[in-house]
Amino acid sequence: MPRRSKNARNPEVQAPAGARIGVSICVTALTGVALATAPSGVLSGTILARGVFLVPVDMKFKVEKGGEEVIHVTGTKQTVMQQIILAPGGQTGWHSHPGPALALIKSGALTLYSGESGACESQTYAAGKAFLEPGQGHVHLGVNLSAAENAEVWVTYFDVPPGGSVRTDESAPPACQ
C-alpha cells in the first residue's frame with residue numbers, strides 16, 4: 001500500500017521506497033554515459049573563415065600509415081578555417097569532427113591521442129608538421145605537453161554542416177580512460 005506524504009506532488013500518494021531508489025540509479029546511470037572531457041588551457045579558438053562550395057564537391061584523401069586508409073567525403077558541405085592556441089599543459093578535450101580536418105602546427109608541438117585501435121596511442125607533431133584527422137566520428141584529444149611554450153595549430157575542417165560546429169564533445173575511448 002502506498003504511503004501518504006505532504007511533500008509528494010500528489011499529496012495523496014507517494015511512491016514506495018524501492019521505486020525511488022530505482023529511479024535514482026537510472027538517472028545516475030544515464031548522466032554518466034553523456035560525460036565528456038572539457039577543454040582546458042585553450043587561449044584562442046578563433047574561426048578565421050567559413051565558406052560553402054558553389055558546386056557539389058567530392059573529396060578523397062589517401063593516407064599511408066601501415067596500410068592505406070581512404071577517407072571519402074561526398075557532397076562536401078561548408079569548409080571552416082580555425083586558429084587554435086593551447087597554453088602549456090592545455091588540451092582540447094576529447095572530441096570528434098563531422099568531416100576530415102587538415103591541421104598544421106605553426107609553433108610549439110601538439111600530441112594527438114586516439115583509442116581507435118583498441119590501445120591508447122599518441123603521436124606528437126612539431127612546428128612545421130601537418131596531419132590529417134579523418135573526422136567522421138574519430139574521437140581524439142590534442143595536448144600541449146610543453147611546460148613553457150604555447151602550441152599554435154591552424155586547422156581546415158571539411159564537411160561542416162552550414163553554420164554548425166566544427167567539433168562534437170565526446171567521452172574518452174575505453175582504451176584511454
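Figures for the structure shown
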item	result
Condition met for G128 (farther than 30 Å from P56 by Cβ, exposed (fewer than 15 other Cβ atoms within 10 Å of the Cβ) and either in contact with a helix residue (DSSP H, G or I) (Cβ under 7 Å, 6 or more places away or on another chain) or among the aromatic types (F, W, Y) (or both))	no
The stretch 116-141, residues that are in contact with a Phe, Trp or Tyr (Cβ under 7 Å, 6 or more places away or on another chain) and closer than 19 Å to T156 by Cα	Y125, F131, L132, V139, H140, L141
Qualifying residue in the stretch 107-120 (condition: part of a strand (DSSP E or B) and touching a Cys at 6+ places or on another chain (Cβ under 8 Å))	yes
Residues being open to solvent by less than 40 Å² (accessible area, probe 1.4 Å) and farther than 11 Å from D159 by Cα - total across the stretch 46-84	6
Scan of the stretch 71-105 for residues that are of a type in the set (V, I, T) and either farther than 14 Å from G135 by Cβ or assigned to a loop (DSSP other than H, G, I, E, B) (or both), ordered by number	T74, T76, I84, I85, T92, I105
Any pair with Cβ under 9 angstrom, 6 or more apart, that starts in the stretch 107-121 at a residue that is at positive phi and ends at one that is small (G, A, S)	G108/A126; G108/A127; G108/S146; G108/A151; G118/A175
Tabulated pairs, the stretch 131-160, first without any contact (Cβ under 8 Å) to a residue 24 or more places away in the chain and more than 19 Å from T76 (Cβ to Cβ), second acidic (D, E) and part of a strand (DSSP E or B), C-beta under 9 angstrom, 6+ apart or interchain	none
Criterion violated by D169 - all others in (1) of a type outside the set (S, T, N, Q); (2) farther than 29 Å from P56 by Cα; (3) open to solvent by 40 Å² or more (accessible area, probe 1.4 Å) satisfied	(2)
Test: residue in the stretch 124-137 that is at pLDDT 95 or above and touching an Asp or Glu at 6+ places or on another chain (Cβ under 6 Å)	no
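The values are calculated or read from the model by the stated rules, or taken from the named source; none is laboratory data. Bear in mind that the values here come from a model prediction, so they are computed numbers and not experimental data. A quick note on method: Cβ atoms are made from the backbone with ideal geometry, for glycine too, and the neighbour counts reach across all protein chains shown. Note: accessible area is taken over every heavy atom of the protein model, side chains too, but ligands, DNA and RNA are not part of it. Shrake-Rupley method; radii C 1.70, N 1.55, O 1.52, S 1.80 Å.
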